[in-house]
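Worksheet: the structure to be examined is printed underneath.
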Amino acid sequence: MFSKFAADLSKSFTSNITSNYTLSADPVSFSGPWKIYDAKKKSTKKPASVFIFEKKALDPPGGGSLGGRSDRGGGLKRAQEEVVERLRKEASSLARLRHPSVLELVEPVEDTRGGGLMFATEPVTDSLAGLLQEKDEQEKAGGVGGRRSRYVVEEAGGHKRRRELEIDELEIQKGLLQIAKGLEFLHESAGLVHANLTPEAIFINAKSDWKISGLAFCTPPENSTKPTSVSPISLSEALNHDARLPPYVQLNLDYTSPDFVVDNNVTPAADMFSLGMLIIALYNSPHKSPMEFHGSQSSYKRAFSSASSVPNKTNNFMSSQPMPRDVVTGVLDRLITRRPAQRLNAREFQQAQYFDNILVSTIRFLDSLPAKTPNEKSQFMRGLPRILKEFPKSVMEKKVLPALLEETKDRELLSLVLQNVFKIVTMLPSGRRAFTEKVIPRLRETFLTGAAKGNAQERDSLKEAGLMVLLENMNVAADNCGGKEFKDDILPILNYALESPTHSMVDAALRTLPVVLPIVDFSTIKNELFPVIATIFAKTSSMGIKIRGLEAFKSLCGGGGDEQDGFEGDGLTGMVEAPKTKSNVSILDKYTIQEKVVPLLRGIKTKEPAVMMAALDVFKAIGNQVDSDFLAIDILPILWQFSLGPLLNLAQFQAYMVLIKSLSARVENEQTRKLQELGANNAPATSRNEFMSFGGIPSTNGLDTPNGAGDADFEALVRGNQGTGTGLDMLGGSADPWANAATSASSSTTLPSRPAVNQTGSIRNASPAATFSWSTPPVSPPPPQSNLSAPHATGRAITPDNTFNSLNSVFPAMAPSNPGIGSPSFSQPAQQRPAMAMSMNSMTSPAITPSISTQSTSIDWSKTTGSSTLNSNPWGSTTTASTTSGLSTFSMASPPAQQQSNPYSSFSIAPPPAKPATSSFSIPPPPMSSSNSFSIAPPPGGIGARATSASSGLSINRMGQNQNQQQQQQKPANTGWGGGGDSLI
């Protein structure tokens, strides 16, 4: 719509104003021939009003003729040109006349393409004529809401409101005083007579000030000696009414003084008569002059020929409505007179009794406030709050409030001015709009201009006094602006206050947080406000600021205000009032509380009770926001530390204990509930004793032996009867584990096998047996054997020396180092994975530790038979050995049928081979490799195998450590342990 209007406007006229200003789509008001548009300058966004006159408005309805007759001789055209010149004079006169009561011109008059005129002024709301017409229409319609008003405007948010153009008594008094001041300026300073002072010539600006305009007929008075550039008018021409022209471009006889019409004399007193007629129109109904002449001079002269036909005191000045007594007496009776000398001049008019009241005097003082002394200004600001409630709301908003905001530039008065400003905002029904449009821009200008340089410059103490007033009235600011305005305009001022070096200022800023936090969004609080508060809390040296910071954290973490338990009321009303609902919603998120707030609390160094109790309140708020795990691990330790502070008294300590118990109970309840919910799916818990059995988790004690066979073996052990056999080994197993092995040949010392009933199930997971190079298939079953746990008397243990060239010591059979060795769980079927149960002490003795060479892996065991003696080894003891060899070995199972050689060295003590030969010292790769080897696989599923594997792993690990070999993880069943090193525990 606006673009269409702009296009049409550009077609009709083009000017500098249309290029530099954005105009409203439709005129907001009319005044005579002028259409008034709201405008805004494109470069500065400053509002203005643009007056536009189109020449075609002067064309008569008959298309250039009157009554069907043509314009002979071009008289109409000349008349129209004279009107255009008078209107141009009106605009140019505004440029020369600068006064607060004269309409301010901001852009000079310009010609448009269609022969029209255009100029721009300060923003105006309407002319007095338009306002009076609006009131007439309202009264006819039965009030303000009786019809659609052209003064209803739509705001940005879609809300409609009526322009507050009220004509109450104070508004009339204020306006008349301003008109009188303007007339005084014209008459005494400019040396001019307005000559056409009507409601059409008075405009009301955005501040509700009345301004004089309509200077088309202004002229110097007769016999004037003051120089002026305004050419005098011809009264005869001005009074001659041309019916071809619109009446609003001609002199209005309804308000004209008889000095012009009857006496043909131009004097300043003529304007005072017109002012009197204007006052009558303000109180009359309808609001217009009581005399109507329709431009006829004869009618005018006829009316003034009789006193009864003109306004006077006896006929209530022809007003249809009663007028105030002070208006009738002392004002109108001194203005509506036939003789000019009897009239009040503009200066005397301002001193009339009509204007003698406190409100008018206050307005007049405000108008002259810039000229007052600082002491007078200060006294005025201190006394103003007492009478503000007596002002009409429209006057407060449009006159008093703007005048006060102008004084914010005076730093001496800043705090007093802001106190009055916030009081006015609270009293106005439209306080939100007034605060947003008028107060906030001035606050930003006052406190934020140059704030970036505030660190380098000394802060203004007077400005901070005003800032303190703003902080004290932060609730007013919060109630009268939206979230966006508060974030963009008020929050930067709050941050500026928080950065103040004055503790009282910081304290006041922190006290505003309960008001600020509900308005600002979460992101702004977390990223802009909270870091500032945290920095202040961490760096402050003031105990009061520290406590205030804790109170701020309490608010940020969801803590309410002062808690009031139970019901409210004095108990005397007979009514039970429910307690107020408290909001405990945290403003900060859980992460920020846990990672930022709690470390700040943990870092508190002072133990002052006031600080400790303030911190307690923060912990109460935090306790409702975080998980029970965080409470137990992080919060409760801090609470215990604070509760044991040396300065806390009993009541304070008990307050801490109440919170500690409450939070502990919460942790206990939540953990109990969690475990109960998971209990249905839990497997049976493992007991402690099962993990204390380091050979595994046995189901029976290792001392238990079946069939009592252990007693005989023990007796044979202690007696040293190596030649006798009982058929059972010490572990209660069969003493002939090789009886069922078709491939066994040589005698070896082994752990007994599992019972035969378990053989089928366990052999599936058995590891490859250790094999030896000298093993040959046996002709007959081997004789009774001995192992590490139950040695027999027919053998001896031989160990190589450090050079692996001779065996100069024997390996004794030691008592069980693991309580589980004698357990039946260690029994294993024949041809199943062997268990190695060598003594760890013998394996790790420095004197007998073998030196491993990576290049040579074979040892000549035959050379050791003659030199090895039983007494050369302090651990030596008799063991069961083969009848064909003097060497004893730790062999776990029968060797496989195939025998290969192994390039890796291994430690294997074997029974003597059928033919004395060099034995291989190796732990083999998988059974298909080509060497005798000793291999231990991962444990099978049975418990006995697991225990055996663990026991063997201990010895192998010790040997691997002494050999300094690289550790390896447990391999699958076919993987050898030649690398040695990893423990199975």
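Read the figures in this text as sums done on the coordinates, not as results from a lab. Quick caveat, the model's predicted, so the values are computed rather than measured. Glycine gets a Cβ as well: all are built from the backbone with ideal geometry, and neighbour counts include every protein chain shown.
At-a-glance table
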quantity: Length-normalised contact order for segment 357-497 - Cα pairs under 8 Å, 6+ apart - percent; calculated: 25
quantity: Residue-span extension gain [Lys674 to Gln379] - 0.36 nm each, minus C-alpha spacing; calculated: 99.1 nm
quantity: Extension reserve of the Met427-Ala665 stretch, reckoned as 0.36 nm per residue once the Cα distance is removed; calculated: 80.5 nm
quantity: FRET efficiency, 1/(1 + (r/R0)^6) with R0 25 Å, evaluated for Arg88 and Lys40 via beta carbons; calculated: 0.50
quantity: Computed E for Ala95/Asn624 - FRET, C-beta separation, R0 45 angstrom, nearest 0.05; calculated: 0.05
quantity: Efficiency of FRET from Cβ geometry, Thr436 and Phe365, R₀ 25 Å, rounded to 0.05; calculated: 0.35
quantity: Sorted by Cβ neighbour density within 10 Å, fewest at the top, the residues Met543, Met692, Met612; calculated: Met692, Met543, Met612
quantity: Per-residue ³J(HN,Hα) for segment 318-329, Karplus 6.51 cos²θ - 1.76 cosθ + 1.60, θ = phi - 60°, Hz, x for Gly and Pro; calculated: 6, 8, 7, 10, x, 10, x, 4, 5, 6, 5, 9
quantity: Candidate lysines for bridging to Lys607, where Cα separation is under 16 Å - those fewer than 8 sequence places away on the same chain excluded; calculated: Lys546
quantity: Residue-wise HN-Hα coupling along segment 120-125, computed from phi with Karplus coefficients 6.51, -1.76, 1.60 (Hz; x: Gly, Pro); calculated: 10, 10, 4, x, 10, 8
quantity: Over 26 Å between alpha carbons, listed pairs Lys377/Lys398; Lys35/Lys484; Lys399/Lys484; Lys313/Lys398; Lys207/Lys377; calculated: Lys35/Lys484; Lys399/Lys484; Lys313/Lys398
quantity: Net +/- balance of residues flanking Lys46 in space, Cβ distance below 13 Å, scoring K and R +1, D and E -1; calculated: 0
quantity: Pairwise label distance in nanometres, Lys484 with Arg602, each label 7 Å out on the Cα-Cβ vector; calculated: 4.2
quantity: Inter-site label distance for Lys207 and Asn689 at 7 Å from Cα along Cβ, in nm; calculated: 9.9
quantity: Interchain or long-range residues, amide H under 5 Å from Ser31's placed H; calculated: Ile36
quantity: For segment 211-228, Karplus couplings with θ = phi - 60° (6.51, -1.76, 1.60), whole Hz, Gly/Pro x; calculated: 10, 8, 8, x, 8, 5, 10, 5, 7, x, x, 5, 6, 7, 9, 7, x, 7
